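K.L.:
There's a structure below that I have some questions on.
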Amino acid sequence: MPAIFQASKTVIGAPSPAELGVLVCERPGWPPFAESRYVKRLSVIAAGLGMQLFAFAPWTWNPRDDSVKGWSWNEQSRDWEPSNRRLPSVVYDRAWPESEEEKLRYRRALKAVQTAKRLVLLNGSLPHKGKVYEMLVKESEFAAYLPPTALYEGASSLALWLRKHNGAAFLKPVAGSQGKRVLAITLDSGGGAALSGRDDRNRPLIRSYDNSAEALRRIDRWIGDRKYLMQPLLDMRSGSGEPYDLRALMQKNRRGRWSLTGIAARIGAPSSVTANLHGGGKAAPAAGTLIAQFGERRGGELLEEIAKLSSSIVTRLEQTFGRFAEIGLDFGIERSGKLWFLEANSKPGRSAMSSAGEGAASAAAEQPLSYAKSILLRLATTDARRSPPGSGCASPGRVIHEFDHL
């Protein structure tokens, strides 16, 4: 994809001690990258904190003068402005590569920068879902909250899984996000199978087959060489039949301490297999959702349980996989009231936080910047390329992200 800098300014001087870069993937059209509304909001908040913020794609880095081609939000003109900027010392990864080709380009470009420069990454990255599961299931504190999980190894492995789990299963890609390419399969008493899920564009996917063996063959072709996990198809729907889950957003404050920004419910359409907002779900207050489902006492207990478990999980993830600034944690609750931990996200969305209580939406955007500012201030008084404790610094050469028809 070509870079878009027809009228770029040149602003290459000494890097500002309060300058934060936001990693993005450029794209044709306008605005020039995904999640531009969120990055614009970050820019406005950063200015109020005395920080300069600009977005850039890692493949625009020029090693000759250590510059990148960045995008800055101009509040007066209400538009994005391109300029050549010095590579920042601290970066916040909000890149969303759309294709396998773009994912590969992004990984290679970022690795090239890291090999030559020592960047402080505001947030680290988690390995794929299978690795996270393998680590957490070994801990007695978490094992009871993790649904049985196994790696998909072909149609025969899924057939065996279905026999063990009452003829139903849920499959998800180990490196997936936003609910894309998930699939539920349910066998019927007549030997057929019903499939429901989301495709790679997050569109609803519904199929039925008179022969379950044919359904398994179609699933195997659809999965191809991608890595998938198999889980039981848990009954995590409301009394009115809508799928729902709970998103807890854990973030570090300016002192580098974990805090719970908020918990929000995400509710999908009755015909959907997921509750993700990107798949058409809607956000709702967690307390009201749980009280309506389980009553005031049990609803309150579940919120307390999620808050406590979230704090323990992020602490353990950080001990194992390196420093983080924020992690989104997803929980599901069966109609029986059984709480399940579903997955962790090191690049969490925050749209649902508008329903998570007073101030949660503002804190969700402000916390990363407050934490980044504390890192920048410490860097300004020490080695400009040295990572302070808790900064989420990656060592040179580390690959930051593992990215990964019916």
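The values are calculated or read from the model by the stated rules, or taken from the named source; none is laboratory data. Here the structure is a predicted model, which means the values were calculated and not measured. Because the Cβ atoms are built from the backbone with ideal geometry, glycine has one as well, and the counts that use them run over all protein chains shown.
K.L.:
Restricting to the range 320-337, what's the tally of residues that are within 17 Å of Leu290 (Cα to Cα) and touching a Gly at 6+ places or on another chain (Cβ under 9 Å)?
P.N.:
Within the range 320-337, residues that are within 17 Å of Leu290 (Cα to Cα) and touching a Gly at 6+ places or on another chain (Cβ under 9 Å) number 1.
K.L.:
I'd like the residue in the range 200-233 that is under 30 Å from Ala364 (Cβ atoms) and at pLDDT below 95 and, out of all such residues, is surrounded by the fewest Cβ atoms within 10 Å (Cβ to Cβ).
P.N.:
Arg201
K.L.:
For the range 351-372, which positions are among the hydroxyl-bearing types (Ser, Thr, Tyr) and either touching a Gly at 6+ places or on another chain (Cβ under 9 Å) or not in a helix (DSSP H, G or I) (or both)?
P.N.:
If the condition is that a residue be among the hydroxyl-bearing types (Ser, Thr, Tyr) and either touching a Gly at 6+ places or on another chain (Cβ under 9 Å) or not in a helix (DSSP H, G or I) (or both), then Ser355, Tyr371 are the ones that fit.
K.L.:
So which residues in the range 308-350 are surrounded by fewer than 19 Cβ atoms within 10 Å (Cβ to Cβ) and part of a helix (DSSP H, G or I)?
P.N.:
Lys308, Leu309, Ser311, Ser312, Thr315, Arg316, Glu318, Gln319, Thr320, Phe321
K.L.:
How many of the residues making up the range 265-291 are surrounded by fewer than 16 Cβ atoms within 10 Å (Cβ to Cβ) and assigned to a helix (DSSP H, G or I)?
P.N.:
Total meeting the criteria: 2.
K.L.:
Against the definition (assigned to a strand (DSSP E or B) and more than 17 Å from the chain's Cα centre (by Cα)), how does Ser259 come out, yes or no?
P.N.:
Spelling it out, Ser259 is indeed assigned to a strand (DSSP E or B) and more than 17 Å from the chain's Cα centre (by Cα).
K.L.:
If you go through the range 48-68 one residue at a time, how many are among the aliphatic types (A, V, I, L, M) and modelled with pLDDT of 95 or more?
P.N.:
4
K.L.:
Just one of the numbered conditions (1) among the acidic types (Asp, Glu); (2) assigned to a loop (DSSP other than H, G, I, E, B); (3) under 20 Å from the mean Cα position of the chain (by Cα) is not true of Glu134; which one?
P.N.:
(2)
K.L.:
Suppose we filter Gly179, Gly191 for residues that are in contact with a Ser or Thr (Cβ under 8 Å, 6 or more places away or on another chain), outside the structural domain of Ser311 (by TED's automatic domain parsing) and either of a type in the set (Phe, Trp, Tyr) or within 25 Å of Ile313 (Cβ to Cβ) (or both); which single one remains?
P.N.:
From the options Gly179, Gly191, the qualifying one is Gly179.
K.L.:
To continue, here is another question. If you go through the range 98-121 one residue at a time, how many are more than 16 Å from Val68 (Cβ to Cβ) and either at pLDDT 90 or above or crowded, with 18+ Cβ neighbours inside 10 Å (or both)?
P.N.:
5
K.L.:
If you don't mind, another one. Take the range 47-84 and flag every residue that is of a type in the set (D, E, K, R) and either closer than 26 Å to Ser374 by Cβ or not assigned by TED's automatic domain parsing to the domain that holds Ala18 (or both).
P.N.:
Asp66, Glu75
K.L.:
I'd like the full set of residues that are in a helix (DSSP H, G or I), hydrophobic (A, V, I, L, M, F, W, C) and more than 20 Å from Asn62 (Cβ to Cβ), limited to the range 95-115.
P.N.:
Leu104
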